[in-house]
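Here the structure comes first, spelled out in structure tokens, and everything after it is commentary.
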Amino acid sequence: MSGDTSGKQKDTRTIKVDYLARVEGEGALYLKIQGNTLEEVKLKIFEPPRFFEGLLRERKFTEAADITSRICGICPVAYQMSAIHAMENACGARVMGSLRELRRLFYCGEWISSHTLHIYMLHAPDFLGYPSAIEMAKDFPEVVERGLQLKKIGNEIMKLMGGREIHPINARIGGFYRLPSPEELAGLRERLMHARDLAFETVKWTGTLTFPQFSQDYTFVALHHPDEYPMNEGRIVSNKGLDIDASEFEAHFEEQHVEHSNALHCVMKPGDKSYHVGPMARYAINFDTLPDEIKQAAQAAGLGRACYNPFQSIIVRAVEVLYAVTEAIRIIDSYTAPKHSAVDIKPRAATGFAVTEAPRGLLYHRYKIDDHGLIENANIVPPTSQNQKMIQDDLSRFVLTCIEQPDEKIQYLCEQAIRNYDPCISCATHFLKLKVDRQ
Amino acid sequence: MTAAKTLIIGIGNPYRGDDALGCLVARGLATKATSEVSCVEHDGEPASLIDCWQHMERVFLIDAVSSKAEPGHIFRINLTQQVLPEEFNLYSTHAFGIPQAIELARVLGKLPPNIHFYGVEGLSFAAGQSLSAQVETAKHQVIIEIMNILEIKENHEQTQGA
């Protein structure tokens, strides 16, 4: 992190963070403060736009999964799955049975890997007063070691199901190119049983951390499925009455360009309202679908049926890691190998829609393809675009709780508030640096 | 051959121009090394990187760097004694990459007793391109240097074909 503090006048404060640490990609924060009044907050995303929707045009419908997985090195599975589901939706196909279960297993790997990285390496140092996980590891080696072990099991799932850990290449429309062998799944199960103990410890440990008091009346938006904690499938539901199909997403949400950001801000219509996607939204909307022992672990760690304090999102992520490990074991235990690794799906002229739950929240894909399966146009709305306005709104309120603090302290606290969302700037431009201007 | 447990780790993306350097060095050495020397290509994911060098006595990490030095310049860093300079711009996923993996391993006592970093300044990291001439030359030099350290015998012509 680098930053500077300056004052234009005696009662003017300018706090500027030119590069926000422990977030993915490049962005900055600008705060303008008049006396003890916050006048302006800007989350500036200057990572260059990446034009993925443009380069998808006229590519084959089968290529979207591998192209869009390149949008993010930490959540490629989410991009692959949303692309694949959207294409299958366009083609009028649904993949069920064991192949659907394996897709869920694939997603479990990404949740474990991504969440564990954020919990232990990026977020935990904030609550323990360290500038980095490396400094934290000097005093808490066993904690960081636990995080590495958990992340490793997530990576293993991604490698087994995706062919490799980063930018996997094994998922395809209709299923997979290669299925895991019974021996590979048995070996994975053994390590998942150990990971389950580590995941329980993680939930318990995150519950011992000290959090700022900052509960907000969020509009949570997440997938909801009646029978399972959502990953690949479900309706888009909010805690304030929304209940729509993926095909209705653009009727209810709108991406807007803001001058200070290279990433589009997604707002909820009407009224251009901010809304919250990600682990806290999923947890609040889908608590009832969690297994009882995970509900109990969450409640023992201090969570209710919903969590409205974004600083406590670290506990919610830990609960989702525990769920993903438990779900992976369930999938392996009930797995029967399908006859074929994939079903054949023919293209047709249509528009397909899909929303899946990336670790950071809702990931929407829409593709229009022609009779030959060529992509005519595409639209991708990543979770960080959807959370950007929410992060700004959080900052507007959070700064008021610490506005009398020295600028350096405000800067530190604001970075924490941003990291609550585990923002993925690279995905969003598919974004952080802080400036506080006190007047 | 002196090392009993030696690992060559080539880091990079084989499809991104000079970023392929680490992978190509690992491939080149894999065709020459004895069974006591392992060569792997790695995407740089930190947890699995720390895991893969466990129980190794000697590790060579090879990667392309971008530090504004002359393209093809070879940096040699004994990681047992030094940290990777920040200006190397070793790209990572989610703000946690190779430099962090090395320092975390150092704190956790998981750094091999001997670990050396070979970094070659890249010229172009564009998708779909082969190595630049400068990095191609540096690649051969790195292979020969590591072979000499490991006392792997082979004539120069074969090395050129790596």
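Considering every residue within segment A:354-369, establish whether at least one is modelled with pLDDT of 95 or more and out of contact with any Ser or Thr (no Cβ under 9 Å at 6 or more places or on another chain).
Yes.
Exactly one condition in (1) modelled with pLDDT of 70 or more; (2) surrounded by 22 or more Cβ atoms within 10 Å (Cβ to Cβ); (3) aromatic (Phe, Trp, Tyr) is not met by A:Phe431; state its number.
It fails just one condition, (1).
Answer with yes or no whether B:Phe96 is within 14 Å of chain A (Cβ to nearest Cβ), crowded, with 22+ Cβ neighbours inside 10 Å and in contact with a helix residue (DSSP H, G or I) (Cβ under 6 Å, 6 or more places away or on another chain).
The answer is yes for B:Phe96.
Please verify whether segment B:117-140 includes one or more residues that are closer than 23 Å to B:His55 by Cα and either crowded, with 18+ Cβ neighbours inside 10 Å or within 13 Å of chain A (Cβ to nearest Cβ) (or both).
We begin by selecting, within segment B:117-140, every residue closer than 23 Å to B:His55 by Cα; these are B:117-118.
Among the residues that remain, those that are also either crowded, with 18+ Cβ neighbours inside 10 Å or within 13 Å of chain A (Cβ to nearest Cβ) (or both) are: B:117-118.
Yes.
Of the numbered conditions (1) modelled with pLDDT of 95 or more; (2) surrounded by 20 or more Cβ atoms within 10 Å (Cβ to Cβ); (3) not in a loop (DSSP other than H, G, I, E, B), B:Gly72 satisfies every one except a single condition; which is it?
B:Gly72 satisfies every listed condition except (3).
Could you pull out every one of the strands (runs of 3 or more DSSP E) wholly within segment A:333-387 that has 3 or more residues that are crowded, with 24+ Cβ neighbours inside 10 Å and of a type in the set (A, V, I, L, M, F, W, C)?
Passing ranges, in order: A:350-358, A:361-369.
Identify all residues within segment A:72-103 that are assigned to a helix (DSSP H, G or I), within 27 Å of B:Glu45 (Cα to Cα) and under 20 Å from the mean Cα position of the chain (by Cα); write none if there are none.
Step one: of segment A:72-103, the residues assigned to a helix (DSSP H, G or I) are A:76-90, A:97-103.
Still in the running and within 27 Å of B:Glu45 (Cα to Cα): A:76-84, A:101-103.
Passing the criteria: A:Pro76, A:Val77, A:Ala78, A:Tyr79, A:Gln80, A:Met81, A:Ser82, A:Ala83, A:Ile84, A:Arg103.
Is it the case that B:Ala105 is out of contact with any Gly (no Cβ under 7 Å at 6 or more places or on another chain) and surrounded by 20 or more Cβ atoms within 10 Å (Cβ to Cβ)?
Taking the combined requirement at face value, the residue satisfies it.
Go through the residues of segment A:59-71 one by one and say whether even a single one is in a helix (DSSP H, G or I), of a type in the set (D, E, K, R) and touching a Lys or Arg at 6+ places or on another chain (Cβ under 8 Å).
no
What number of residues within segment B:26-69 are assigned to a loop (DSSP other than H, G, I, E, B), more than 14 Å from chain A (Cβ to nearest Cβ) and either on the phi < 0 side of the Ramachandran plot or not basic (Lys, Arg) (or both)?
Residues flagged as assigned to a loop (DSSP other than H, G, I, E, B), more than 14 Å from chain A (Cβ to nearest Cβ) and either on the phi < 0 side of the Ramachandran plot or not basic (Lys, Arg) (or both) within segment B:26-69 amount to 12.
Within segment A:106-133, track down each residue that is surrounded by fewer than 23 Cβ atoms within 10 Å (Cβ to Cβ) and more than 14 Å from chain B (Cβ to nearest Cβ).
Residues of segment A:106-133 that are surrounded by fewer than 23 Cβ atoms within 10 Å (Cβ to Cβ), as a first pass: A:122, A:124, A:126-132.
Passing the criteria: A:Phe127, A:Leu128, A:Gly129.
Do any strands (runs of 3 or more DSSP E) lying entirely in segment A:186-293 carry at least 2 residues that are charged (D, E, K, R), in contact with a Cys (Cβ under 9 Å, 6 or more places away or on another chain) and closer than 15 Å to A:Cys307 by Cβ, and which ones are they?
Output list is empty.
May I ask you to list the residues in segment A:141-161 that are at the interface with chain B (Cβ under 10 Å from one of its Cβ atoms), within 15 Å of A:Leu198 (Cβ to Cβ) and in contact with a Phe, Trp or Tyr (Cβ under 9 Å, 6 or more places away or on another chain)?
Residues satisfying the conditions are A:Val144, A:Gly147, A:Leu148, A:Leu150, A:Lys151, A:Gly154.
If you take the residues of segment A:162-185 that are buried (at least 18 other Cβ atoms within 10 Å of the Cβ) and in a helix (DSSP H, G or I), which of them is farthest from the other protein chains (Cβ to nearest Cβ)?
Residue satisfying both the conditions and the ranking: A:Leu185.
So if I check each of A:Arg50, A:Arg100, A:Arg57, which one is at pLDDT below 85 and surrounded by fewer than 23 Cβ atoms within 10 Å (Cβ to Cβ)?
Every option except A:Arg50 fails the conditions.
The values are calculated or read from the model by the stated rules, or taken from the named source; none is laboratory data. Worth saying up front: this structure is predicted, and the values here are computed from it rather than measured. Here the Cβ is made from the backbone with ideal geometry for all residues, glycine too, and neighbour counts use every protein chain on show.
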